[in-house]
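Structure, as structure tokens:
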Amino acid sequence: MLRKFLTIFEPFVLMLLGTVLLATFLPPRGAFVRVFDVAATSGIVLLFFLHGARLSRQAIWDGMRNWRLHLSVLAVTFLLFPLLGLGLSHLPFVAAPVAAGLLFLTLLPSTVQSSIAFTAIARGNVAAAVCSASFSNLLGIALTPALVALLMHIGGANGGGLASVEKIVMQLLVPFVAGHLLRPLIGGFVARHKRMVTAVDRGSILLVVYTAFGAAVVEGLWHRVSGLDLTVILILCSLLLGVVLAATWALGRLFRWPRADAIVLLFCGSKKSLASGVPMAGVLFPAAQVGVVLLPLMLFHQIQLIACAVIARHYGEQDPLHDRNPA
């Protein structure tokens, strides 16, 4: 099952790398900039519309029963992570563009697909993972822009405060709510066509990445970000993930939760969503800045997949009756 899951992501990782290379050597210029901007915006709207259509109200009601677990996941995602991000972004040897990307990474919601998949591999509470990951993404639509405005002082950078709020509402919130309200009509179609929906998700992300990196390359991205900067990002992302994994493991022990619930906290609390982060960055930051901001997120995404795959396999091979908490 682990091998099957990893093979789902390997092509997408290669496509992400290919998209960055394409944007580096053939960035959109002239009239094509506007074309790709419109296409990327349309992709963002469609992406959040489908996210809304996927979220069932039954999952919301069921999730409220295990509120201590969900609050713990949210606290790690939107409190512990941002505090660590503030610390990393103020390190004296971290360049300003890299610091912004690291901080933005820590303000994002958790992943949905990989959190659930790793929880299943580790034989955790899958139903609780579905609820926690869904809540995190739902709240992230409002919390992430608010935290960005509060901690990164981004309000007027992308067309002014009111313009930024309008873009967030129109491109993220309205499509999400519309998709959720239309779920009784289109929910069955979305469920039956998972491959098509996945293709739309991945395609939207790749389109935004190409547009963002293309704009950044034109503005001199690779002159501003050196090989040393990339090494620093890799080290700090690995350190960040290690600290959060240790913290979520320790909290599961401290609360003396059943093993299955502690696994949910471990995997849902330690991840950050590339699927949410890419379109949000496109809305919240100027086009020339998005590429730099996304670098830490893209690297963190790969690191978390590799690390959590190993951890999930370790727990999945254990006897769940051996210990009530993961060890």
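Tell me the volume per residue, in Å³, of the convex hull enclosing the alpha carbons of the range 192-231.
60 Å³
Over the C-alpha atoms of the range 182-327, what are the Rg and the largest Cα-to-Cα span, Dmax, in Å?
Rg then Dmax for the range 182-327, in Å: 19.1, 56.
For Glu317, Glu219, which order do you get if you count the other beta carbons within 10 Å of each Cβ and list the fewest first?
With the fewest neighbours first, Glu317, Glu219 line up as Glu317, Glu219.
Which of the listed residues, Cys131, Ala31, Met152, is farthest toward the dipole's positive end in the chain, when Lys, Arg count +1 and Asp, Glu count -1 at the beta-carbon?
Cys131
Compare the peptides 275-286, 36-47 by average per-residue count of other Cβ atoms within 10 angstrom and give them in order, highest first.
275-286, 36-47
Between the range 220-248 and the range 103-126, what's the alpha-carbon centroid distance in Å?
20 Å
Say we join alpha carbon atoms closer than 10 Å with springs in a Gaussian network model of the chain; which of Arg192, Arg202, Arg224 then has the biggest fluctuation?
It is Arg192.
Would you mind working out the magnitude of the charge dipole of the chain relative to its Cα centre, with +1 at each Lys and Arg C-beta and -1 at each Asp and Glu C-beta, to the nearest 20 Debye?
Using only the charged Cβ atoms, the result is roughly 720 debye.
Can you tell me the Rg and the Dmax, both Å, for the Cα atoms in the range 2-316?
Values for the range 2-316 (Cα only, Rg and Dmax): 18.6, 59 Å.
Say the dipole of the range 2-316 comes from +1 at the beta carbon of Lys and Arg and -1 at that of Asp and Glu; which of Leu74, Ile141, Gly214 then lies farthest toward its positive end?
About the Cα centre, the residue reaching furthest to the positive side is Leu74.
Normalised by the residues of the chain, what does the relative contact order come to in percent, with Cα pairs under 8 Å and at least six apart?
33 percent
Using per-residue counts of other Cβ atoms within 10 Å, averaged over each peptide, order 253-261, 112-120 from highest down.
112-120, 253-261
Read-outs: derived from the displayed coordinates by stated rules, not from any lab. Note that this is a predicted model, so its numbers are computed, not measured. When we count neighbours, we look across all protein chains shown, and the Cβ atoms used for this are built from the backbone with ideal geometry, even at glycine.
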